[in-house]
Each structure stands twice: as C-alpha cells, then as structure tokens.
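Novice: I have a structure here, written as structure tokens, and I will follow up with some questions on it.
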C-alpha cells in the first residue's frame with residue numbers, strides 16, 4: 001500500500017501535510033509514504049487538482065488536510081478491503097416504473 005501526499009512550496013497548508021505524512025509513516029511502518037513536492041519541473045500526478053492532496057494507492061482520499069483520525073480510518077479500511085477476497089456485487093433489480101423512457105421525459 002502507498003500513500004502519496006502532494007504538496008507545493010507556495011501552499012500555506014502544506015507544512016501541516018508534511019507533518020501528517022511523517023506521523024502516518026510512524027504509525028503505519030509497512031505503508032509506503034511518499035511526499036511529492038510540486039516544483040514545476042514535473043507534472044502533478046493524475047487526479048491532483050490542488051495541494052495538499054492525499055492519494056491512497058492512486059485514489060484521492062483527501063483534498064486538503066484531513067483530520068488525522070479520519071486518514072487513519074481510511075487507511076485501515078483500505079487495508080481491510082485489500083485483505084478480503086473479491087466478492088461479486090449483488091445484482092440490483094430495476095423496477096419498470098423507475099426507468100425513464102423517451103415518452104415520460
């Protein structure tokens with residue numbers, strides 16, 4: 001599992017993001033925590049539109065600084081989901097009156 005924390009030099013909230021990244025690295029030693037500094041030399045990672053952004057295995061888990069407890073919960077849930085075997089999603093039944101038709105607008 002990997003947590004990328006994307007920050008920028010001119011970002012006012014990115015100092016806190018750097019601190020959160022170091023706290024997460026201590027709390028989850030098996031988690032790869034990468035601090036990505038946007039300095040203009042390289043394009044930002046895909047899905048990053050602002051700083052700070054937190055990406056867990058490539059998925060945005062927070063735009064801006066989350067509460068530490070919320071980030072810890074998100075990491076734990078993601079780890080639990082990865083350990084569970086894949087389950088086929090339950091089929092949803094659609095009732096005919098829920099479908100839109102060209103006639104109903």
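The values are calculated or read from the model by the stated rules, or taken from the named source; none is laboratory data. Since the model is a prediction, treat every value here as computed from it, not as a measurement. Cβ placement follows ideal geometry from the backbone for every residue including glycine, while neighbour counts extend to all protein chains displayed.
Novice: Within the stretch 12-23, is even one residue in contact with a helix residue (DSSP H, G or I) (Cβ under 8 Å, 6 or more places away or on another chain) and either surrounded by 15 or more Cβ atoms within 10 Å (Cβ to Cβ) or without any contact (Cβ under 8 Å) to a residue 60 or more places away in the chain (or both)?
Specialist: Yes, the stretch 12-23 contains at least one residue that is in contact with a helix residue (DSSP H, G or I) (Cβ under 8 Å, 6 or more places away or on another chain) and either surrounded by 15 or more Cβ atoms within 10 Å (Cβ to Cβ) or without any contact (Cβ under 8 Å) to a residue 60 or more places away in the chain (or both).
Novice: When the stretch 32-56 is examined, which residues are found to be assigned to a loop (DSSP other than H, G, I, E, B), under 14 Å from the mean Cα position of the chain (by Cα) and surrounded by 12 or more Cβ atoms within 10 Å (Cβ to Cβ)?
Specialist: 45, 47, 48, 50, 51, 52
Novice: Consider only pairs whose beta carbons are under 9 Å apart and that are at least six residues apart or on different chains; among these, list those whose first residue lies in the stretch 74-87 and is modelled with pLDDT of 65 or more and whose second residue is part of a helix (DSSP H, G or I) and surrounded by 10 or more Cβ atoms within 10 Å (Cβ to Cβ).
Specialist: 75/24; 75/27
Novice: Tally the residues that are part of a strand (DSSP E or B) and either free of Cβ contacts under 8 Å to residues at least 12 places away in the same chain or surrounded by fewer than 12 Cβ atoms within 10 Å (Cβ to Cβ) (or both), restricting the search to the stretch 1-11.
Specialist: Qualifying residue count, the stretch 1-11: 1.
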